[in-house]
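For reference, the structure I am asking about is given below.
The values are calculated or read from the model by the stated rules, or taken from the named source; none is laboratory data. Keep in mind that this is a model prediction, so the values were computed, not measured. Every residue, glycine as well, gets a Cβ built from its backbone with ideal geometry; the counts of neighbours run over all protein chains shown. The protein model used for the area step is the full one, side chains on, heavy atoms only, and it has no ligands, DNA or RNA in it. Shrake-Rupley method; radii C 1.70, N 1.55, O 1.52, S 1.80 Å.
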Amino acid sequence: VMKRRYFLAGASIFAVAGICPLPLFAQPTQQQLLVPGPLPERSFGDVDSPVTVIEYASLTCGHCRNFHITVWPDFKAKYVDTGKVRFIIREFPFDPRASAGFMLARCAGEDNWYPTLDLLYRSQDRWARVSDATSALKSVMSMTGMEGEQVEACLQDQDLLDKITAIADTGKSYGVDSTPTFFVNGEMYKGVLSLERFSEIIDPLLVAE
């Protein structure tokens with residue numbers, strides 16, 4: 001019962017762009033960053049691409065939503081689909097509702113993971129800050145074919161929650177304290193980056209190859 005209440009309580013969620021500052025950490029190496037967590041990596045592009053971008057995101061973060069709706073499609077076309085960049089998305093939930101969204105995306109299955117993530121971003125106003133998160137998430141997930149009982153079963157999966165939390169905790173150990181946070185070949189960049197800003201960072205790395 002407590003596990004269900006963790007997600008299904010109608011507590012208000014604050015619209016946050018960051019969390020309280022964490023202690024400073026040593027910058028992780030690219031090798032450390034590429035060690036997969038307890039869940040399969042969700043990535044796009046060729047594993048042998050010369051540049052790897054890792055995003056730590058929260059599904060209730062408006063800035064993350066902005067990136068995935070306004071920047072990601074052009075970024076993917078320019079860099080991922082052309083074999084220049086491998087892009088990895090890792091969970092960094094700020095609150096129980098973000099954790100719930102990430103769990104549901106994982107429960108949707110590998111092929112439906114990103115479509116579910118995209119749906120949750122685009123419908124963020126419908127579930128992230130409403131009073132009845134349970135009904136809202138069930139309504140949104142019904143668009144993926146997931147029934148209400150399946151939603152509840154997914155949200156009661158404590159092992160899945162623990163693994164998502166572990167991914168976020170590892171991110172914190174790398175110095176992630178706000179979303180979105182990107183690592184481009186090991187270098188950290190915080191906040192929504194425009195396609196032009198990404199080009200300034202990535203293009204010199206491609207020339208160096």
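Karplus couplings for the stretch 54-65 from phi (6.51 cos²θ - 1.76 cosθ + 1.60, θ = phi - 60°), rounded to Hz, Gly and Pro as x?
10, 10, 9, 9, 10, 6, 9, 8, x, 5, 5, 4
Something else: Within the stretch 110-209, what whole-number % of the accessible surface is contributed by carbon and sulfur, with the 1.4 Å probe and all protein chains included in the calculation?
Here carbon and sulfur together make up 46 percent of the probe-accessible area.
In terms of the Cα gyration tensor, with a ≥ b ≥ c the square roots of its eigenvalues, is the stretch 99-190 rounded because a/c is under 1.5, prolate because a/b exceeds b/c, or oblate?
Prolate.
Ranked highest first by the average count of other Cβ atoms within 10 Å around their residues, in what order do 53-63, 83-93, 132-142, 181-191 fall?
With the highest mean Cβ count within 10 Å placed first, the list reads 53-63, 83-93, 132-142, 181-191.
Given 20 °C and 1.002 mPa s, compute D for the stretch 46-153 with the Stokes-Einstein relation, Rh being the Kirkwood radius over Cα pairs; round to the nearest whole µm²/s.
Rounded, D is 147 µm²/s.
At 1.4 Å probe size, with every protein chain present, just tell me what the per residue accessible area of the chain comes to in Å².
Solvent-accessible surface per residue comes out at 47 Å².
Hey, any idea what % of the stretch 46-96's accessible area is carbon plus sulfur with a 1.4 Å probe?
46
When N is the residue count of the chain, what does its C-alpha Rg come to as a fraction of 2.2 N^0.38 Å?
Taking N as the residue count of the chain, the ratio is 1.01.
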